[in-house]
Amino acid sequence: MNVDQLDQVIKGITSSTDTKKYLRTISHWIKRIKESGEYTVYDEKEKSNIMRLIELKLVDAKEKTNSNTLVIIVTLSESGQELYKDFFRTGYFLKA
């Protein structure tokens, strides 16, 4: 998936023409996950953002129990890797 495709998907989901906020949030998470290699989600607030990335098939997730707490470990999917490259190619990380 590239940035333009993601923009179209977001427009379809939200029925909004202004997708900057959504793209900024997604790019934040894509970059954060890429830089750490894998990201462990403990916080419920983060969990909702990560679930959206899972729905968009941008990350692969594994659930794990850690001290009686369910955590989600995510890595970028192939589509997420492509999106990460396109964010850099288009200079999106510099604009955001």
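The values are calculated or read from the model by the stated rules, or taken from the named source; none is laboratory data. Computed from a prediction, not measured in an experiment: that's the story for all the values here. Neighbour counts run over all protein chains shown; Cβ positions are idealised from the backbone, glycine included.
Which of (1) at pLDDT 90 or above; (2) out of contact with any Asp or Glu (no Cβ under 9 Å at 6 or more places or on another chain); (3) assigned to a helix (DSSP H, G or I) does Leu94 not meet, given it meets every other one?
Among (1) at pLDDT 90 or above; (2) out of contact with any Asp or Glu (no Cβ under 9 Å at 6 or more places or on another chain); (3) assigned to a helix (DSSP H, G or I), Leu94 violates only (1).
Check off (1) modelled with pLDDT under 90; (2) in contact with a helix residue (DSSP H, G or I) (Cβ under 6 Å, 6 or more places away or on another chain); (3) not charged (D, E, K, R) for Ile30 and give me the number that stays unchecked.
(1)
Give the residue, chosen from Glu63, Glu46, Glu55, that is surrounded by 14 or more Cβ atoms within 10 Å (Cβ to Cβ) and among the acidic types (Asp, Glu).
On the way: Glu63 fails: surrounded by 14 or more Cβ atoms within 10 Å (Cβ to Cβ); Glu55 fails: surrounded by 14 or more Cβ atoms within 10 Å (Cβ to Cβ).
Criteria check complete, one pass: Glu46.
For the range 16-51, give me each residue that is out of contact with any Ser or Thr (no Cβ under 9 Å at 6 or more places or on another chain), within 20 Å of Ile73 (Cβ to Cβ) and in a loop (DSSP other than H, G, I, E, B).
Matches in the range 16-51: Asp43 only.
Condition first: free of Cβ contacts under 8 Å to residues at least 12 places away in the same chain and either more than 20 Å from Ile10 (Cβ to Cβ) or in contact with a Gly (Cβ under 7 Å, 6 or more places away or on another chain) (or both). Now tell me which residues in the range 36-61 satisfy that.
Ser36, Asp43, Glu44, Lys45
Is it fair to say Leu23 is exposed (fewer than 15 other Cβ atoms within 10 Å of the Cβ), in contact with an Asp or Glu (Cβ under 9 Å, 6 or more places away or on another chain) and either hydrophobic (A, V, I, L, M, F, W, C) or farther than 19 Å from Gly91 by Cα (or both)?
Working: exposed (fewer than 15 other Cβ atoms within 10 Å of the Cβ): no; in contact with an Asp or Glu (Cβ under 9 Å, 6 or more places away or on another chain): yes; either hydrophobic (A, V, I, L, M, F, W, C) or farther than 19 Å from Gly91 by Cα (or both): yes.
So Leu23 fails the test.
Return the residues of the range 52-70 that are part of a strand (DSSP E or B) and touching a helix residue (DSSP H, G or I) at 6+ places or on another chain (Cβ under 9 Å); say none if nothing qualifies.
Initial filter on the range 52-70 (part of a strand (DSSP E or B)): 59-66, 69-70.
Listed by number, the residues that qualify are Val59, Asp60, Ala61.
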